[in-house]
Amino acid sequence: MHFLPESLEQYVTDHSENEPEVLQELVRETHLKVLQPRMLSGHFQGRLLSILSKMINPKHILEIGTYTGYSAICLTEGLQSDGILHTIDVNEELEEIQQKYFEKSGNNNRIVQHIGDAKDIIPTLPVKFDLVFIDADKKNYPEYFEIIIPKMNKGGVLLSDNVLWSGKIVEEVKSNDKQTYALLTYNKLLKEDPRVETVLLPIRDGLTISRVV
């Protein structure tokens with residue numbers, strides 16, 4: 001969904017940091033070989049994830065929803081020298097392309113891949129997180145939040161993607177549309193939960209920045 005005219009979106013991209021070559025390669029391969037390539041974070045959002053990570057300088061990052069690894073590579077750019085990113089995805093078929101580009105980016109030893117249900121995996125991770133990025137199945141966002149918050153350090157930042165859901169969150173919701181109902185619940189939760197302070201940015205399909213207080 002475009003919140004700005006495409007000419008303005010292009011201007012924004014042109015006047016933001018350049019997309020690293022390894023990510024350009026990953027975009028091309030994802031479009032050639034993988035279904036739903038629009039799920040990629042893309043140039044502008046990827047550079048936003050990168051600069052936020054650099055500003056936070058986290059030691060531990062958690063990502064829910066690896067897809068082909070684009071956002072994980074962006075987030076590792078701000079990791080501390082001994083930092084680790086844990087990334088979780090249910091689709092084991094994408095593991096090969098993820099590993100290929102984690103290696104190409106020079107981050108293979110700083111990224112731990114997990115295949116399976118994030119709700120089962122997160123409680124087993126033996127660290128607390130400074131930065132979390134959620135970009136997975138929308139119907140589970142509220143449940144992810146409740147599992148994640150106890151695993152975050154005070155002052156940690158939670159990023160949530162697709163929270164505007166192509167504008168469906170301000171339209172009449174169909175009774176069987178579980179994903180939109182879940183996002184409505186989630187957005188309300190982020191606004192009202194006293195454990196976080198939140199700003200929702202109309203970037204691409206909506207990106208929420210929440211800080212643990």
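The values are calculated or read from the model by the stated rules, or taken from the named source; none is laboratory data. Small disclaimer: the values here were computed from a predicted structure and weren't measured. No Cβ is skipped: glycine too gets one built from the backbone with ideal geometry, and neighbour counts run over all protein chains shown. Accessible surface areas use protein heavy atoms only, side chains included; no ligands, DNA or RNA. Shrake-Rupley method; radii C 1.70, N 1.55, O 1.52, S 1.80 Å.
Yes/no matrix, rows are residues, columns are (1) touching a strand residue (DSSP E or B) at 6+ places or on another chain (Cβ under 8 Å); (2) at pLDDT 95 or above; (3) open to solvent by less than 80 Å² (accessible area, probe 1.4 Å):
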| site | (1), (2), (3) |
| --- | --- |
| PRO5 | no, no, yes |
| GLN24 | no, yes, yes |
| HIS43 | no, no, yes |
| ILE51 | no, yes, no |
| LYS54 | no, yes, no |
| CYS74 | no, yes, yes |
| HIS86 | yes, yes, yes |
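Based on this model, can you work out whether ASN140 counts as on the phi > 0 side of the Ramachandran plot, polar (S, T, N, Q) and either surrounded by fewer than 21 Cβ atoms within 10 Å (Cβ to Cβ) or under 14 Å from the mean Cα position of the chain (by Cα) (or both)?
no
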Hits in region 99-145 (condition: closer than 23 Å to LEU207 by Cα and either assigned to a helix (DSSP H, G or I) or in contact with a Cys (Cβ under 8 Å, 6 or more places away or on another chain) (or both)): ALA118, LYS119, ILE122, LYS138, LYS139, ASN140, TYR141, PRO142, GLU143, TYR144, PHE145
Residue match in region 9-30 (condition: touching a residue at least 40 places away in the same chain (Cβ under 8 Å) and farther than 28 Å from ILE84 by Cα): no
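Condition first: small (Gly, Ala, Ser) and part of a helix (DSSP H, G or I). Now tell me which residues in region 3-41 satisfy that. Explain how you work it out, then say what you get.
The first filter runs over region 3-41 and keeps only residues small (Gly, Ala, Ser), leaving 7, 16, 41.
Passing the criteria: only SER7.
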Filter result for LEU35 (open to solvent by 20 Å² or more (accessible area, probe 1.4 Å), modelled with pLDDT under 95 and farther than 17 Å from GLY106 by Cα): yes
Within region 115-124, considering residues that are among the hydrophobic types (A, V, I, L, M, F, W, C) and open to solvent by 10 Å² or more (accessible area, probe 1.4 Å), the one farthest from VAL213 (Cα to Cα): ILE115
Criterion violated by GLU96 - all others in (1) open to solvent by less than 60 Å² (accessible area, probe 1.4 Å); (2) more than 18 Å from PRO58 (Cα to Cα); (3) modelled with pLDDT under 95 satisfied: (1)
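Kindly provide the set of residues from region 146-155 that are out of contact with any helix residue (DSSP H, G or I) (no Cβ under 6 Å at 6 or more places or on another chain) and surrounded by 16 or more Cβ atoms within 10 Å (Cβ to Cβ), ordered by number.
If we filter region 146-155 for residues that are out of contact with any helix residue (DSSP H, G or I) (no Cβ under 6 Å at 6 or more places or on another chain), which is where we start, we get 146, 148-155.
Result: ILE148, ILE149, LYS151, MET152.
Results for (1) touching a residue at least 60 places away in the same chain (Cβ under 8 Å); (2) open to solvent by less than 80 Å² (accessible area, probe 1.4 Å); (3) hydroxyl-bearing (Ser, Thr, Tyr); (4) within 24 Å of TYR70 (Cα to Cα), shown as yes or no for each residue.
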residue	(1), (2), (3), (4)
PRO126	no, no, no, no
PHE133	yes, yes, no, yes
VAL157	yes, yes, no, yes
TRP165	no, yes, no, yes
VAL170	no, no, no, no
SER175	no, no, yes, no
